[in-house]
Amino acid sequence: MKFNIFINQGMKVPLLLIIAALVLPFLVSGQASQDSVRPAPRVKILKADVILRDMVQPDVQRLVGDVTLQFKEMYLYCDSAWRYDDGRFKTMGNVRLEDSESTMTAAVMQMNPTLQIVEAWSGSDGEVVMKADLGEVFAPKLRYNMERRTVDFDAGGVIRQEATRIDFQQGKWVEKPAVFMLGGEVSIIDAQDRILSDSLHLFQAEESIQFLGRSIILSNDSSLEMHCYRGLYNGSTRSGWFGGTVIDGNAWVRQDDVMLQGDSLVLPADSLAPREAWGHVVLRDTTGKWMLEGEQAIQFKKSSAYSRGTSFLYGNENVPARLMDASGSDTLFLQADTLQLEAQFILAWPRVKMEQGAAIALCDTLIWNEVDSVIDLRNAPHLWLEGQFLRADSVTLSMRENAPDRLHAWGHVGLMNPAGDSCYQQIAGRDLLGQFQRGKLRDIDISGNAELVYFDAESESESAACGEFNRAACSRLQIVLEGGEAKTIVLLDDPSGVWLSWDSPGANPIIENLQWIDPPSSIAGQMSDSDSHLPE
């Protein structure tokens, strides 16, 4: 079984520096003075072929032909412009705004030096384009607020740089804290991944993405897929967290053929720190051969203090930690308060319950060593095997091809199975060895003060079957089972016995401290349908 709970690769955070290089120079150039007493900055007319007054619009001055304007460190070039008496400018025709690092082109720009706002529109056959050394931004229109140092892309846009492209329907750039807020079917495509989101924020300083709506990350080679509704991812440290919502469902990650889901998934920045998943955690393979579920999962990498790459799965008072493995002929189910998982090793405690085929086991602690194919059940385990009930201080099961092969029980061993509705076949001793054939218990050898109470189960009536019994004792006895019933019983080493009926003086058809317990309910029906929490 695979227990690599968390993904090992990260996703890039593209274009954060590109966005800063495109937008920040304009904002810095147009930054307003903090001294409110100083007059508002003005736009200077550096060049125009003709300057006219429009008689139809007396408050407008027209600039025609090879117009050049200056606003602080920015220069604006256009075919023509209107200057309003309040200091505003509307520029038209091959409009280009430049500073030392960036260029913006548009069909129309309007500049308001008093409000520190520049608006740009594209023509019917073009776009507003912002260019820098690292990339380009294309948008139908945009709005600069140079006092607040923000840029609004109300009609969306596209950011391009080499193999990376970002499409968005709405956007806003804020210089402090250097964040690009994007919404409405955001798409980020680069050489490694594709990111789709209803809403996200790109943070420049932290080189991180904050997800604020339904978001999907897909690797181009299809090895990785992640879905979440909220989260924060840091590209430089390959760390972050991803979450779902109560209404929408869990966050989930698929890496190759392994899928993890939970209310919250955490990837740490520190390589020694554990990876974690919280709330309705489900880990499974995509073929449905195995599944883990619980309330919390923690995985330590092999390079950490837990050098074996240990993973822990925790349950809570409502849902225990559970494992399902369908790789064998009979599906295995295991549950406990805590599961510790390593390569070919499982430790479960306390309140352990295991089920495979017709076999069910309860104990306080279970140790499964897959290298040796051995399962240890400790602290008074109970087992139900083909109608047989076994209790002991400890039990060891040796497995072959994911099915029981040998059984060893010791310390206050008791074995029971119904002989009728009101009586039970009973065997007790200090040590029990059992051999399985095709997954079914076949031969039993009991030693150490062995006791036997055996009813005539072949009697025609219930009253006859439970009416008489053989009570025997010996140092050792052997039993051959067939169909869950004793076919042969052999008493060895000082055997003694007596045939009794219920009304015989001193008759006691029950071995001391041995009592039948009905098997518990099946785990199979309690496992979650993991797909029910996934987004559609």
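No value in this document is a laboratory result; all are computed from the given coordinates. From a predicted model like this one, the values you see are computed outputs, not experimental measurements. Glycine gets a Cβ as well: all are built from the backbone with ideal geometry, and neighbour counts include every protein chain shown.
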What ³J(HN,Hα) values, in whole Hz, does the Karplus curve 6.51 cos²θ - 1.76 cosθ + 1.60 give for segment 167-178 when θ = phi - 60°, with x put for Gly and Pro? 10, 8, 8, 9, x, 8, 9, 10, 5, 10, x, 6
Beyond 20 Å between alpha-carbons counts as too far, so tell me which of LYS141/LYS176; LYS141/LYS172; LYS90/LYS141; LYS47/LYS72; LYS47/LYS141 fall in that bin. LYS141/LYS176; LYS47/LYS141
Working from the pairwise distances between different alpha carbons, so that the mean of 1/r is found and then inverted, what is the chain's Kirkwood radius in Å? 29.2 Å
Which order do peptides 254-266, 319-331 fall in by mean Cβ count within 10 Å, highest first? 254-266, 319-331
Quick check: pseudo-label points 7 Å beyond the Cα along Cα→Cβ at GLU73 and GLU401, how many nm apart are they? 7.7 nm
Gain upon complete extension [PHE345, ASN316; 0.36 nm per residue less C-alpha separation]: 8.2 nm
Just how far, in whole angstrom, is segment 325-368 from segment 137-155 if you go by their alpha carbon centroids? 59 Å
With the Cα gyration tensor of segment 133-172 giving a ≥ b ≥ c as the square roots of its eigenvalues, does the rule (a/c under 1.5 for rounded; else a/b larger than b/c for prolate; else oblate) give rounded, prolate or oblate? oblate
Counting only other residues whose beta carbon sits under 15 Å from that of ASP393, what net charge do I get with K and R as +1, D and E as -1? 0
May I ask you to list the aspartates and glutamates whose Cα is less than 15 Å away from that of LYS301, ignoring any residue fewer than eight positions away on the same chain? ASP270, GLU276, GLU342
Determine, from the Cβ-Cβ distance of VAL60 and ALA155 and an R0 of 22 Å, the FRET efficiency 1/(1 + (r/R0)^6), rounded to the nearest 0.05. 0.25
For MET146, list long-range residues whose amide hydrogen, built 1.01 Å from N in the peptide plane, is under 5 Å from its own amide hydrogen. ILE117, VAL118
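Relative contact order for the chain: what is it in percent, counting Cα pairs under 8 Å that are at least 6 residues apart?
Numbers: 1467 pairs, mean separation 33.5, N = 536.
Once divided by the residue count of the chain, the mean separation gives 6 percent.
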Checking the a/c ratio against 1.5 first, then a/b against b/c, what shape does the Cα gyration tensor give for segment 388-501? oblate
Given only helices, namely DSSP H runs of n ≥ 4 each adding -39500 (n - 2.57), what is the per-residue ellipticity at 222 nm of the chain, to the nearest 500 deg cm²/dmol? -1000 deg cm²/dmol
